[in-house]
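Participant: I have a structure here, written as structure tokens, and I will follow up with some questions on it.
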Amino acid sequence: MAFHVEIRRAFSRAWAFNLEEPELRRILLEPWARGVPVLLGEQRWEPASCRLAVLEGPRLAAAELAHGQGWHNASRSGRDVTRELLRARVAQEATVVALVTHDEAGRSALSAALGALGLTAIDFGAVRARLLARPPASPGAAAAIVTIGPGARSGEWALDAGLALGALGARVVVVRVGDEPAPLALGALEALRLPPGAREAALALAPPLRAAGCAVRPVAA
């Protein structure tokens, strides 16, 4: 099976055929879901003013693509999965939280608390690579947790904290570890001090993460 794409704006149209899912997500779905213009058919397409259609179906042979009949043939044998794919991308991202921390004990505690909330913790390095790619991709996380503590003055921490704030804005949760003072760049954000214990920490993290758009599940009693 393969994916076939049409982007339409007024009387202008562009198509792409026989895409694999990773390629589809990278060049179209991720930027489209973020409202970022995409390039297709040597044209620039703004999601706000265009219509996207994605069909899933058999791969099309060269003869089926000839004479401008590609989209007609794709429509005959494929099914429209546009909304399904965009919803799935948003739902998957809503369960992921990126951690900006260089404190291993804090990382373990946060990972346990996030697990209790039904969320997956990832290292911010994965998000960093996506944001610094050309063209930039979706962050791949609904929110980020930035810890203020050991290592919070390092250059790598400062880069990641800045990228997190730039990409996720209000979806950044700041957590204080120990008595480390907050850097000026984070001074406007209120730092959350986590209580000990995974369940207690999960209860404290649930409200800000839910407000950030994470798919938080109730904490078990």
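Participant: Only Cα pairs under 8 Å and at least 6 apart count here; give the relative contact order of the chain as a rounded whole percent.
Facilitator: 17
Participant: Follow-up. Full-extension gain between residue 21 and residue 105, please, as 0.36 nm times their residue separation minus the C-alpha to C-alpha distance.
Facilitator: Result: 26.5 nm gained on full extension.
Participant: So, R0 is 25 Å and r is the distance between the beta-carbons of residue 12 and residue 217; what FRET efficiency does that work out to, to 0.05?
Facilitator: 0.05
Participant: Compare 31, 58, 139 in a GNM of the chain, Cα atoms joined below 10 Å, and give the one with the largest fluctuation.
Facilitator: The residue that fluctuates most here is 58.
Participant: Taking the Cβ-Cβ separation of residue 51 and residue 123 as r and a Förster radius of 41 Å, what is the calculated FRET efficiency to the nearest 0.05?
Facilitator: 0.65
Participant: Next question, about the same structure. In whole Å, what is the distance between the alpha-carbon centres of the stretch 77-116 and the stretch 48-70?
Facilitator: Here the answer is 31 Å between Cα centres.
Participant: Run the helix sum for the chain: -39,500 (n - 2.57) per DSSP H stretch of 4+ residues, divided by residue count, reported at 222 nm to the nearest 500 deg cm²/dmol.
Facilitator: Taking each H run of at least 4 residues, the total per residue is -10500 deg cm²/dmol.
Participant: Continuing with this model, one more query. Could you give the nm distance between label points at residue 1 and residue 132, where each point is 7 Å from its Cα heading toward the beta carbon?
Facilitator: 3.7
Participant: I've got another one for you. For the stretch 52-173, what's the relative contact order in percent, using C-alpha pairs closer than 8 Å and at least 6 residues apart?
Facilitator: 23
Participant: I've got another one for you. Within 10 Å, at most 16 other Cβ atoms, and a DSSP state outside H, G, I, E, B define an exposed site. Report the longest part of the chain free of exposed trypsin sites (Lys or Arg not before Pro).
Facilitator: The longest uninterrupted stretch comes out as 60-152.
Every number in this text was worked out from the coordinates using simple rules, so none of it is lab data. Keep in mind the model is a prediction, meaning the values are calculated, not measured. Here the Cβ is made from the backbone with ideal geometry for all residues, glycine too, and neighbour counts use every protein chain on show.
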